[in-house]
Amino acid sequence: MVKTKIEAKNVDVQKQKNAKLGRVQGGEGSLGGSSPLPPPPLLQNQLVPGSSEYPALVQMASQVIEAVEDAMVTAWGNPGSQHEEGARARTVISQGRLEVARMIGAQPNDIIFTSGGTESNNMVLHCAVTHFRKWCMTQDSPIYHHLRPHVITTKVEHDAIKLPLHHRYQIDTDVTYLGVENLPEAVLESIRPSTCLITVMLANNETGIMFSVAHIGRLLAEVNKKRENEGLFKVLLHTDAAQAIGKVPVDVTDLNVDYLTVVGHKFHGPYIGALYIRSLGIKTPVYPMFYGGGQEQAYRPGTENTPMIAGLGQASLLVYNNIHDYHASMKKTRNYMERLLKKFFGNQVKINCVDPCNASNPEACSVPPRGPKQQHFIFPRLPNTSSVSFYYKQVSGQEILRYCKIVQSSTGATCHTHTESQSILEASGVCSFHAARTIRLSIGRDTAMEEIDFAIQDIKQSIEKIIGRSV
């Protein structure tokens, strides 16, 4: 059994119409009928400009490409050099740092550039655990000297959190893995005297559901006041915001976090990342994972990648200026997509984490509901992602993708195996029956309604082919 994701491809609809493929018109309900369309040649087996696997990566915006290219030409000097070219590179880096900080409501001095989300997440774990161990050694009571650090996280985190905890910290660190329901309360109930870090992602890449990190932050602030009075270690809070930035407003003050992970290629930026650290080195501890030069305030050595930082800054500027428009546009398109799915498939389709699911009784959950579905809306969702499953017993997510002709897809999240993806769905309250029949549909900033029409028609013909073969 597998969990599969699928991403609608950006296409040039006008070119399709010019190619006389206009039998499918834009607008809801315009794709009725049992005969599937032949795949538009522009879509089949091609990567076209603007097409992406949206939760995995998105193509760099044209403004970002221009910023990268300009920095390669005009800011090529070593930022550590004192000559004019070095100064020009430092100016570009400073501007990039300013834009990233402004995008998330932070101070520029609290931003460290990294290679990406994996490094940022690993650095957070390293900082929290190292600081706890150093703190323990400063305590008078010997009981603290051998106290094992304790980390609280969820079962649905990115592997850049889960795997370091499993491989690097397993021997001498205690870890509590929580489910996704009742998360703020469950987090507080799991705190121990030895707890040093809580790390909860802001939004999940498999389901699109968002977690109440801000609520956790508010509750934790009160807990830390009591811990300070009791002479206990301050519990640090981290969120991996990779999936949320560029889709919803993200503000570190509202979230009340100590660390926040930024990943450029999730919001039309380059393959580079950043880590926010609240009052870096003053209120929040930071320790380098490796040593070398004094770059990034000596916390992240290595000559800065000026062109990529310029690109990240430009991508951040676009988000800062347009986030509300991006959010509204993606949500409108996603809602249209879900209405079209329900129009085509009726009660045979289910929106995971929105429509009810009985995770403890997959057999009962395999029966399509009669009459209108009751939506329970356990979680808020990203505006661009729908985790969709089907009640057809003959199909699996992987098979649906295999017979799609025009929908760009990959199996599971790009960073997860089939089994891992399904376990994340089940940890999110999706039963095993539907986890095996799930595809992930996502849209981008510029996805058009006509593209949704083509994509849903393609899924329809795929399922018809599978069911026809099975009957």
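The values are calculated or read from the model by the stated rules, or taken from the named source; none is laboratory data. Bear in mind that the values here come from a model prediction, so they are computed numbers and not experimental data. Positions of Cβ are generated from backbone atoms using ideal geometry, with glycine treated the same way; all protein chains shown enter the neighbour counts. Each accessible area value is taken on the protein alone, full model and side chains, heavy atoms only, with ligands, DNA and RNA left out. Shrake-Rupley method; radii C 1.70, N 1.55, O 1.52, S 1.80 Å.
Below is a table of values for the structure above.
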| quantity | calculated |
| --- | --- |
| Positions within the range 168-177 being in contact (Cβ under 8 Å) with a residue 12 or more places away in the chain and open to solvent by 20 Å² or more (accessible area, probe 1.4 Å), in sequence order | ARG168, ASP172, ASP174, VAL175, THR176, TYR177 |
| In the range 121-172, residue nearest to LEU188 (Cα to Cα) [restricted to those that are more than 22 Å from the chain's Cα centre (by Cα) and among the small types (Gly, Ala, Ser)] | ALA128 |
| Within the range 266-305, considering residues that are within 19 Å of GLU99 (Cα to Cα) and among the basic types (Lys, Arg), the one least open to solvent (accessible area, probe 1.4 Å) | LYS266 |
| Which numbered condition GLN461 misses (of (1) surrounded by 21 or more Cβ atoms within 10 Å (Cβ to Cβ); (2) touching a Leu at 6+ places or on another chain (Cβ under 8 Å); (3) among the polar types (S, T, N, Q)) | (1) |
| Which listed residue is within 20 Å of VAL248 (Cβ to Cβ), open to solvent by 60 Å² or more (accessible area, probe 1.4 Å) and under 24 Å from the mean Cα position of the chain (by Cα), from TYR320, TYR336, TYR326 | TYR320 |
| Strands (runs of 3 or more DSSP E) contained entirely in the range 93-202, each with at least 3 residues that are closer than 30 Å to LEU318 by Cβ | 111-114 |
| Candidate set: the range 407-432, residues that are open to solvent by 10 Å² or more (accessible area, probe 1.4 Å), polar (S, T, N, Q) and more than 20 Å from HIS268 (Cα to Cα); chosen: the one modelled with the lowest pLDDT | THR411 |
| Hits in the range 78-120 (condition: open to solvent by less than 40 Å² (accessible area, probe 1.4 Å), under 26 Å from the mean Cα position of the chain (by Cα) and among the hydrophobic types (A, V, I, L, M, F, W, C)) | ILE93, VAL100, ALA101, MET103, ILE104, ALA106, ILE111, ILE112, PHE113 |
| Where a residue in the range 438-466 is in a loop (DSSP other than H, G, I, E, B) and its partner, wherever it lies, is crowded, with 24+ Cβ neighbours inside 10 Å and not aliphatic (A, V, I, L, M), with Cβ under 6 Å and at least six apart | ILE443/ASN384; GLY444/TYR54 |
| Top-ranked residue in the range 433-458 [being farther than 17 Å from PRO368 by Cβ and among the small types (Gly, Ala, Ser); ranked as surrounded by the fewest Cβ atoms within 10 Å (Cβ to Cβ)] | ALA448 |
| Test result for ALA221, of a type outside the set (Asp, Glu) and assigned to a loop (DSSP other than H, G, I, E, B) | no |
| Some residue of the range 369-386 being assigned to a helix (DSSP H, G or I), open to solvent by 20 Å² or more (accessible area, probe 1.4 Å) and modelled with pLDDT of 85 or more | no |
